[in-house]
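Peer 1: Sending over a structure as structure tokens; questions will come in a sec.
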Amino acid sequence: MALPKLRAALMAAASPFIGARGAPAQDAAGPRQVEVITVTAQQREQSLQDVPIAVSAFNQAQLESSGIRDIKDLIVLAPGLMVTSTQSETITTARVRGVGTVGDNFGLESSVGVYIDGVFRARNGVGFGDLGELQRIEVLRGPQGTLFGKNTSAGVLNIITQAPEFEFGGTAELTVGNYDLRRASGSITGPIVDDVLAFRLFAVTNQRDGFTTLNVRDASGDRVRDSETQDYYSIRGQLLWTPSATVTGRIIADFSDRSEFCCSAVQWDYDPTIAGIVGSLGGQVLSPANPSARQAFANNEYRQDVTDWGLSAQFDVDFGEANLTSITAYRRWENERTQDIDYSSLDIAQRADGNFTDLDRFSQEFRLQGVRGNLDWLVGAFYSREELELGDAIRFGTQWEPFLGILLTAPSGAPTPTGVRDTIFNLTGGAVDIPFGSAIPGGSGVSQDLYDQTATSWAAFTHNTYAFTDRFSVTAGLRYTREEKDVTASFSTNSPPACAALEGAFGFNPVAGWVQAATAMGLPAAQITGGAVAIGNICLPYARSGLDNTGYDQSRVDEEWSGTLRAQYDLTDEVMVYAGWSRGFKAGGFNLDRQFNGPVGATGYTNVDTSFAPETISAWEAGFKSRLFGNVLQLNGNFFYQDIEDFQLNTFNGTAFVVESVDEARSYGAEFDFLWATPVEGLDVSGGYAYVNTLYETVNTGDGLIDALEGESFSLSPEHFLNLAVNYEASLGGNLITRMGFDTRYVSGYNTGSDNDPEKFQSAFTLLNARIGIGSNDERWFLELWGRNLTDETYAQVAFDAFAQGRRGQAGADAGEWTQPRNTASYNAFLGAPRTYGITLRSRF
């Protein structure tokens with residue numbers, strides 16, 4: 001059905017939500033039945049059961065009952081979906097079938113594309129926010145590059161919001177809960193010009209105290225702050241224009257503002273030696289670590305400010321034999337944040353003012369679709385231009401060198417700083433005396449990195465289905481994409497005194513300079529290696545000045561083909577089977593973090609290459625979709641195998657982020673979901689199961705820590721996912737109804753660290769949400785009591801190496817195998833949300 005008939009479609013889509021709230025239909029002469037769900041997974045309106053791809057769809061009633069406000073909430077309904085946040089909620093990553101963007105680097109784009117009303121969000125974190133009034137969310141699994149383009153190699157979250165209506169109406173909602181949650185939202189819709197122009201306006205504001213107690217200690221004393229707070233508002237306005245029976249336009253404008261205190265990391269597993277060093281210098285950490293206490297530490301307060309706004313216009317023209325769709329969009333996203341990156345109350349290092357991300361994106365898409373005989377055809381073209389400006393500002397604190405001086409004397413196998421200092425003093429004939437171990441008055445000053453990246457992309461595509469018989473059809477699609485990226489970078493470094501002295505003695509690569517000088521002096525191998533380790537810790541990337549005079553200017557062009565070939569066969573009117581192949585890719589790019597890998601000249605590093613290749617996925621899939629027992633049970637399932645080439649891995653090694661491409665990886669498994677309209681009036685049961693097995697097959701990066709991942713599973717990829725939702729609605733008489741239900745999610749154990757360090761393992765856990773409510777049958781009012789994570793599970797979204805606070809296994813042939821001792825390695829973690837509960841009052845009119 002074409003969008004020019006949007007009014008009729010809207011009434012059809014809205015009808016199950018008015019009164020019955022999407023409950024299964026019931027024939028007067030038979031049992032209750034599962035309703036047909038309409039999706040646009042193939043850029044056409046089709047029944048979910050007729051689409052030969054793995055897709056789960058959730059309607060307004062399901063989303064409202066489960067309290068879905070943002071993409072992270074969606075994990076409780078969608079098996080096989082993982083969504084995590086780390087240093088900031090703007091750094092939010094979705095994963096499907098074990099595949100997602102690994103790391104907190106804006107140079108890496110999304111593996112799971114987020115589309116909201118047909119408009120792509122440039123990164124998953126850019127799509128994180130209050131989604132407002134939802135009509136439907138579709139979770140498409142596997143490569144979707146043919147129709148949705150680049151950066152959908154793992155899947156797509158296709159989010160459709162409520163459109164304007166030509167009948168006057170509105171909603172109001174008020175929620176209060178623990179952690180002093182206060183959320184208010186409202187909407188109004190109706191005609192401006194009867195049957196020609198309608199509007200919809202939605203607004204929401206939300207405030208909440210933090211989930212984590214942050215203990216701040218600085219020069220002004222000790223104080224306690226909340227961290228992981230929420231404080232945002234959002235407004236969204238729409239116009240629906242239908243000047244004729246063949247033309248429809250939908251124009252959307254939205255604006256959001258977030259000003260929050262986020263995000264703190266708790267001690268996940270802390271080494272007593274490190275805890276002792278922190279304590280000896282007047283700092284605080286919890287030792288032994290107790291993540292459940294949700295206590296974090298810092299020596300400064302930090303913030304997260306996000307502004308997000310955009311405009312889009314979709315026009316659909318029905319030419320009779322073909323329908324033309326045009327979607328034009330512009331989005332602007334700005335983020336400023338500061339952070340204590342060592343997550344202790346010592347003044348070791350911090351992200352200072354000057355840390356920002358500005359992202360502008362313009363896009364234009366055209367699609368022409370029609371049916372001619374047995375052929376359902378579609379052709380299209382797409383263009384986008386993205387401008388990314390990023391600033392990263394790191395300041396080494398007053399206690400950085402005293403802390404490092406004590407750390408390197410700890411029993412970890414490294415030589416004492418005194419020994420390194422004396423050796424260098426002797427090597428240089430007394431010319432270099434490292435001022436090591438003294439406090440830096442006022443800190444080292446800020447090291448500032450500035451990146452300016454432009455990406456221009458265009459594509460042409462086609463997607464066609466031919467019905468050979470009433471029961472058998474084949475779908476074939478192809479997309480060509482060309483993308484050009486250009487990046488310039490400039491650097492300004494304020495080196496701590498010890499590193500400045502080492503660079504003065506051994507050049508812009510002080511580790512290599514040390515090794516060369518020490519080897520020439522005939523020093524023992526153990527002393528040379530130990531000195532290199534010590535100097536590497538003293539001169540971390542943000543302390544090195546080798547890029548200050550040179551910066552860099554790089555460009556790359558990628559040309560990629562995406563495609564799909566699928567066959568489907570209706571065994572009966574109730575059961576369809578399908579099989580096929582698809583290919584998608586995630587764009588290549590540049591590591592937007594300090595990287596020293598070019599030749600070193602008199603002025604610094606030249607010809608630095610921070611690029612990485614596109615990531616491609618080829619997937620084979622076979623599945624079935626069924627409506628059983630007279631459409632009482634909807635049961636779908638599939639089996640998949642995915643080959644991944646040049647898997648983009650961004651891992652934090654305790655001092656810096658390293659981007660490498662894994663040669664070959666794979667993912668295989670099975671996914672099932674069901675919806676059952678039980679014989680009990682008003683009782684519906686739905687759920688799903690996913691089995692996902694992942695493996696790094698071939699890893700040849702030259703980095704021993706990363707190469708040792710060969711034969712390991714992906715991080716943040718549980719093997720088993722299980723979701724279950726039960727909902728019940730009943731009449732109480734007197735125009736009153738009650739609704740109650742619960743949803744639960746189980747995941748097996750998995751490693752949260754990109755390097756698969758066993759200390760970062762998260763054991764299996766289960767999340768349980770529930771609600772019960774009462775209201776009027778016409779939904780003029782409804783009062784609901786709800787709770788999420790009712791068993792108060794404490795779990796890590798991501799665990800990571802504490803900044804410069806020990807390291808387990810330096811780079812080497814077997815480092816990633818973790819055969820080396822733990823030494824003084826310590827770990828922090830970003831936790832998932834604790835138990836929350838509250839009351840919601842909503843009204844529809």
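The values are calculated or read from the model by the stated rules, or taken from the named source; none is laboratory data. This is a predicted model, so every value here is computed, not measured. Ideal geometry is used to build each Cβ from the backbone, glycine not excepted, and the neighbour counts take in all protein chains shown. Note: areas computed on protein heavy atoms with side chains; ligands, DNA, RNA excluded. Shrake-Rupley method; radii C 1.70, N 1.55, O 1.52, S 1.80 Å.
Peer 1: Can you find even one residue in segment 664-680 that is modelled with pLDDT of 90 or more, open to solvent by 10 Å² or more (accessible area, probe 1.4 Å), touching a Lys or Arg at 6+ places or on another chain (Cβ under 8 Å) and of a type in the set (S, T, N, Q)?
Peer 2: There is no residue in segment 664-680 that is modelled with pLDDT of 90 or more, open to solvent by 10 Å² or more (accessible area, probe 1.4 Å), touching a Lys or Arg at 6+ places or on another chain (Cβ under 8 Å) and of a type in the set (S, T, N, Q).
Peer 1: Given the criterion in contact with a Phe, Trp or Tyr (Cβ under 9 Å, 6 or more places away or on another chain), crowded, with 22+ Cβ neighbours inside 10 Å and not small (G, A, S), identify the matching residue among D358, D347.
Peer 2: Within the list D358, D347, the selection yields D347.
Peer 1: Of everything in segment 282-324 that's under 29 Å from L346 (Cβ atoms) and among the acidic types (D, E), which residue is most open to solvent (accessible area, probe 1.4 Å)?
Peer 2: Checking each candidate, the answer is E301.
Peer 1: Further question: For segment 234-270, which positions are within 30 Å of Q797 (Cα to Cα) and surrounded by fewer than 17 Cβ atoms within 10 Å (Cβ to Cβ)? Talk me through it step by step, then tell me what you get.
Peer 2: Kept after step one, since they are within 30 Å of Q797 (Cα to Cα), are these residues of segment 234-270: 234-235, 254-270.
I235, F255, D257, S259, listed by residue number.
Peer 1: Could I ask something else about it? Given the criteria among the small types (G, A, S) and part of a loop (DSSP other than H, G, I, E, B), does S686 qualify?
Peer 2: Against the criterion (among the small types (G, A, S) and part of a loop (DSSP other than H, G, I, E, B)), S686 does not qualify.
Peer 1: Name, by its number, the condition in (1) among the small types (G, A, S); (2) more than 24 Å from the chain's Cα centre (by Cα); (3) closer than 30 Å to N124 by Cβ that does not hold for S244.
Peer 2: (3)
Peer 1: Given the structure, is G477 open to solvent by less than 60 Å² (accessible area, probe 1.4 Å) and at positive phi? Don't jump to the end; show me each part of the working.
Peer 2: Numbers: open to solvent by less than 60 Å² (accessible area, probe 1.4 Å): yes; at positive phi: no.
For G477, the condition - open to solvent by less than 60 Å² (accessible area, probe 1.4 Å) and at positive phi - is not met.
Peer 1: V119 - would you say it is at pLDDT 90 or above, β-branched (V, I, T) and under 24 Å from A313 (Cβ atoms)?
Peer 2: yes
Peer 1: Specify which of the listed residues (G688, G704) is of a type in the set (G, A, S) and closer than 30 Å to P52 by Cβ.
Peer 2: Details: G704 fails: closer than 30 Å to P52 by Cβ.
None of the others qualify; the one that does is G688.
Peer 1: Inspect segment 632-639 for any residue being in a strand (DSSP E or B) and under 23 Å from the mean Cα position of the chain (by Cα) and give the result as yes or no. It would help to see each step written out before you state the result.
Peer 2: As a first pass, look at segment 632-639 and keep what is in a strand (DSSP E or B): 633-639.
Now drop any that are not under 23 Å from the mean Cα position of the chain (by Cα), which leaves none.
Within segment 632-639 (the criterion being in a strand (DSSP E or B) and under 23 Å from the mean Cα position of the chain (by Cα)), the answer is no, since none of the residues qualifies.
Peer 1: Would you point out the residue of segment 362-380, among those that are under 27 Å from the mean Cα position of the chain (by Cα) and open to solvent by 20 Å² or more (accessible area, probe 1.4 Å), that is farthest from S492 (Cα to Cα)?
Peer 2: By that ranking, first place goes to Q364.
Peer 1: Let me ask something else about it. Any residue at all in segment 546-560 that is closer than 30 Å to R351 by Cα, without any contact (Cβ under 8 Å) to a residue 60 or more places away in the chain, out of contact with any Phe, Trp or Tyr (no Cβ under 8 Å at 6 or more places or on another chain) and assigned to a helix (DSSP H, G or I)?
Peer 2: No, segment 546-560 has no match at all.
Peer 1: Quick one: is P52 at pLDDT 50 or above and farther than 18 Å from I159 by Cα?
Peer 2: yes
Peer 1: Can you name every residue in segment 209-230 that is outside any strand (DSSP E or B) and under 21 Å from N828 (Cα atoms)? Outline the logic, then answer.
Peer 2: At the first step, the residues of segment 209-230 found to be outside any strand (DSSP E or B) are 209-211, 219-220, 228-229.
G210, F211, E228, T229, listed by residue number.
Peer 1: Go through segment 326-439 and tell me which strands (runs of 3 or more DSSP E), entirely inside it, have 1 or more residues that are at pLDDT 90 or above and within 26 Å of Y270 (Cα to Cα). Reasoning before the result, please.
Peer 2: Working: elements: 349-351, 356-372, 375-396.
Counting at least 1 such residues, we get 349-351, 375-396.
Peer 1: In this structure, is L74 surrounded by fewer than 24 Cβ atoms within 10 Å (Cβ to Cβ) and in contact with a strand residue (DSSP E or B) (Cβ under 7 Å, 6 or more places away or on another chain)? Step through it out loud before you land on a result.
Peer 2: On the way: surrounded by fewer than 24 Cβ atoms within 10 Å (Cβ to Cβ): yes; in contact with a strand residue (DSSP E or B) (Cβ under 7 Å, 6 or more places away or on another chain): yes.
So L74 fits the description; yes.
Peer 1: Here is a further query. Before we move on, is E621 at pLDDT below 95, of a type in the set (D, E, K, R) and within 30 Å of F672 (Cα to Cα)?
Peer 2: Against the criterion (at pLDDT below 95, of a type in the set (D, E, K, R) and within 30 Å of F672 (Cα to Cα)), E621 does not qualify.
Peer 1: Quick one: is L592 buried (at least 19 other Cβ atoms within 10 Å of the Cβ) and either modelled with pLDDT of 95 or more or part of a loop (DSSP other than H, G, I, E, B) (or both)?
Peer 2: So L592 fits the description; yes.
Peer 1: From the list T519, T550, pick out the single residue that is among the hydroxyl-bearing types (S, T, Y), farther than 30 Å from L378 by Cα, out of contact with any strand residue (DSSP E or B) (no Cβ under 6 Å at 6 or more places or on another chain) and open to solvent by 40 Å² or more (accessible area, probe 1.4 Å).
Peer 2: Values: T550 fails: out of contact with any strand residue (DSSP E or B) (no Cβ under 6 Å at 6 or more places or on another chain).
Exactly one of T519, T550 is among the hydroxyl-bearing types (S, T, Y), farther than 30 Å from L378 by Cα, out of contact with any strand residue (DSSP E or B) (no Cβ under 6 Å at 6 or more places or on another chain) and open to solvent by 40 Å² or more (accessible area, probe 1.4 Å), namely T519.
Peer 1: Filter segment 697-726 down to the residues that are assigned to a strand (DSSP E or B) and either surrounded by fewer than 20 Cβ atoms within 10 Å (Cβ to Cβ) or modelled with pLDDT under 95 (or both) and list them by number.
Peer 2: E697, T698, H720, L722, L724, V726
Peer 1: Which of the residues that make up segment 218-227 are in contact with a strand residue (DSSP E or B) (Cβ under 6 Å, 6 or more places away or on another chain) and open to solvent by less than 30 Å² (accessible area, probe 1.4 Å)?
Peer 2: S227
Peer 1: With the requirement that a residue be of a type in the set (D, E), under 30 Å from F596 (Cβ atoms) and open to solvent by less than 20 Å² (accessible area, probe 1.4 Å), what does segment 609-623 give you?
Peer 2: E615
Peer 1: Filter segment 743-758 down to residues that are farther than 20 Å from A690 by Cβ and buried (at least 17 other Cβ atoms within 10 Å of the Cβ) and give me whichever is farthest from the chain's Cα centre (by Cα). I'd like the intermediate steps shown before the answer.
Peer 2: Filtering segment 743-758 for residues farther than 20 Å from A690 by Cβ gives 753-758.
Pick out the ones that are also buried (at least 17 other Cβ atoms within 10 Å of the Cβ) and you get 753-757.
Values: G753: 15, S754: 14, D755: 18, N756: 19, D757: 21 Å.
This residue is D757.
Peer 1: Mind listing whichever residues of segment 283-325 are closer than 30 Å to R236 by Cβ, under 25 Å from the mean Cα position of the chain (by Cα) and assigned to a strand (DSSP E or B)?
Peer 2: Q304, D305, V306, T307, D308, W309, G310, L311, S312
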